[in-house]
Structure formats: C-alpha cells, structure tokens
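Trainee: Mind looking over this structure? Questions follow.
No value in this document is a laboratory result; all are computed from the given coordinates. What you see is a predicted model; the values in this text were computed from it and never measured. Here the Cβ positions follow ideal geometry from the backbone for every residue, glycine too, while neighbour counts run over all protein chains shown.
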Amino acid sequence: MIQGFEFNDAGRAYSCTVEERKGAGESWWWFAVSGDGQRYAPFVAAKSDTRASVQERVIAFYLNRLFQLSQPTRRGAHWGKRPGAPAVNPALAPAEAPAPEATA
C-alpha cells in the first residue's frame, strides 16, 4: 500500500495520509486541503491504490463537495411531516345529502 503524499491542483495544496480506523482493522484515506479547516476521510484504502488513483478520487470528492456547498439550500417538509390531504374543518364542510331511498 502506498504511503501518504502531497500534491497541488487548481491552486490548492492537498495532503493525503492513510490512517487505521481504531478497532476496525481497516485503513482510510484522509486528506486536508489548503484554505479548508476540515479534514476528510472519503474512502477506504486498498492495496491496489496508486498515487494517481487516490489523487483522482480526492480531487473528484472535493470538487463535488464544493459544488454541493455552492447550491442553494432547499427547504421543504420534514420527512415525518409530509404534506397530505388538507384537513377538513367539519364546521365548514357542506352538509351531506341524504342517500336516495331504494325502491323495490
């Protein structure tokens, strides 16, 4: 497995490291980007990883994150409060007409 590395892309400096997840026995790729105070761990490290493949995935992940952050926030109903049929106020509902009598 490759070790951590640094690279530059589009004016940003990326720092990538492999860190083992405690108690899970698996390693994840972590990365930090210049100008961003957050660190990210977007995917599990694999033995087949190459510097080029990790770099490509890191850039794609970060550009997607920037795109998502640039989108306007959509406000909508909470999943537990889905809009349903409007409630009928019995005081305002029209009176029911009597059913016609059946003749035999």
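Trainee: Subtracting the Cα-Cα distance from 0.36 nm times the residue separation, let me have the gained length for ALA32 to ILE2 in nm, one decimal.
Mentor: Additional length available on full extension: 9.1 nm.
Trainee: Just from the alpha-carbon atoms, what are the Rg and Dmax of the stretch 5-69 in angstroms?
Mentor: Using the Cα atoms of the stretch 5-69, the pair Rg, Dmax is 11.9, 37 Å.
Trainee: Tabulate in residue order the Karplus-calculated ³J(HN,Hα) for the stretch 57-68, using 6.51 cos²θ - 1.76 cosθ + 1.60 with θ = phi - 60°, rounded to whole Hz; enter x for Gly and Pro.
Mentor: Karplus values, whole Hz, x for Gly and Pro: 5, 5, 4, 4, 4, 5, 5, 5, 4, 4, 4, 4.
Trainee: Whose amide H sits under 5 Å from the amide H of ALA45, counting only residues 5 or more places off or on another chain, with H placed in the peptide plane?
Mentor: Amide H neighbours of ALA45, under 5 Å, 5+ apart: SER27, TRP28, TRP29.
Trainee: Once you have the Cα-Cα distance between PHE61 and GLU19, take 0.36 nm times their residue separation minus that, and quote the gain in nm to one decimal.
Mentor: 13.3 nm
Trainee: Would you kindly state how much longer the chain becomes between ARG75 and ARG39 on full extension, computed as 0.36 nm times their sequence separation minus their alpha carbon distance, in nm to one decimal?
Mentor: Taking ARG75 through ARG39 to full extension adds about 10.2 nm, to one decimal.
Trainee: Another question, if that's okay. For ALA10 and LYS47, what does the FRET efficiency come to when R0 = 30 Å and r is the distance between their Cβ atoms, rounded to the nearest 0.05?
Mentor: Result of the calculation: an efficiency of 0.55.
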